[in-house]
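Data block below; observations after.
Taken together, the values in this text are just the output of simple stated rules run on the coordinates, not laboratory data. The model shown is predicted, which means the values in this text are computed figures rather than measured ones. Note that we place each Cβ from the backbone using ideal geometry, even for glycine, and neighbour counts take in every protein chain shown.
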């Protein structure tokens, strides 16, 4: 590379511009992280620069080929190419991590110094759309805290219990009318009314813990824990080579203790998966017997199944006949050009009411909204 090397921040901004032109989605936060990485590794070796960009700018495996082509075109054998696409002098840039606004009374016009452009960066917004599989340990720790703030209100269903109501929204309540009259000494009193009450629908969460789901299962189990502790009438199961009920283990208010207990309970974590056999066990022992009747059933899985697709289709049909709504959460759905071609996913999809992504915090927020409708 050139002996007289440019500043890392200029290199980072210019290379991010090239990547965006190649079709990659490069956020401001990723560019800042890349500039920090370049400041650490330096610009002396192409290998260090390559991996600094690969670790901070590439979000999906499908983007690696485009990244490699852009890197070769931009860096070449003699270092980075033209860093400026304009003759205008660059403004100094400062990065603010707080939300405090500058003093409106400050007057920089007469100071002779050009005003700085302040880029305000939120780590929450950066994490919201990032794929769980690309999280660093520090980002995953922050995502766990954000996941615990999710609240699932849940759809409601009619209850057999009745509650007092005004005349315009209910039917005559003879018992309360008579009691009211007796308290008045037998005098005629205005009639009382009641109406049908509501209660939350049962929520059943079936989490695929197979090896293909390992990059996402650790985030999904946090979502399942948040659902269990935030509302009543929630059941949680793990789907692997067998079916494991883990509702009791996830009832602890301590997220780390709850996840450790659930991991100890599930003996086939990161193993194989037989979705059809697992759903058959759920339908036979719990679902069709009553747990899934009128319930919202959420299946968190990538759809890869070692069992026969006919068995999965049969069990999905049984489940669809008793459940109020089946939601399938697939983290692969967010991949460009994704199509449900896996045998398990293709067999299950005709019985799914809502098919959503599950690769990021934003997708989990959307899932919480779907469950609440």
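Please compute the length gained on full extension between residue 355 and residue 177, using 0.36 nm multiplied by the number of residues separating them and subtracting their Cα-Cα distance.
Value of the extension gain: 59.2 nm.
At a Förster radius of 22 Å, what calculated FRET efficiency corresponds to the Cβ-Cβ distance of residue 60 and residue 141, to the nearest 0.05?
So, using R0 = 22 Å, E works out to roughly 0.50.
Under the classification rounded if a/c is under 1.5, otherwise prolate if a/b is larger than b/c and oblate if not, where does region 159-199 fall, given a ≥ b ≥ c as square roots of the Cα gyration tensor eigenvalues? Intermediate results must be reported in sequence, preceding the final value.
On the way: a/c = 3.99, a/b = 2.23, b/c = 1.79.
Prolate.
Going by a ≥ b ≥ c, the root eigenvalues of the Cα gyration tensor, does region 235-346 fall in the rounded group (a/c under 1.5), the prolate group (a/b larger than b/c) or the oblate group?
oblate
Could you give the length gained on full extension between residue 150 and residue 314, defined as 0.36 nm per residue of separation minus the Cα-Cα distance, in nm?
Extra length available between residue 150 and residue 314 comes to 55.7 nm.
Going by how many other beta carbons lie within 10 Å of each one, how would you line up 194, 169, fewest first?
169, 194
Taking square-rooted eigenvalues a ≥ b ≥ c of the alpha carbon gyration tensor, is region 280-366 rounded, prolate or oblate, where a/c under 1.5 means rounded and, failing that, a/b exceeding b/c means prolate?
Details: a/c = 2.36, a/b = 1.38, b/c = 1.71.
Since a/c reaches 1.5 but b/c is at least a/b, the shape of region 280-366 is classed as oblate.
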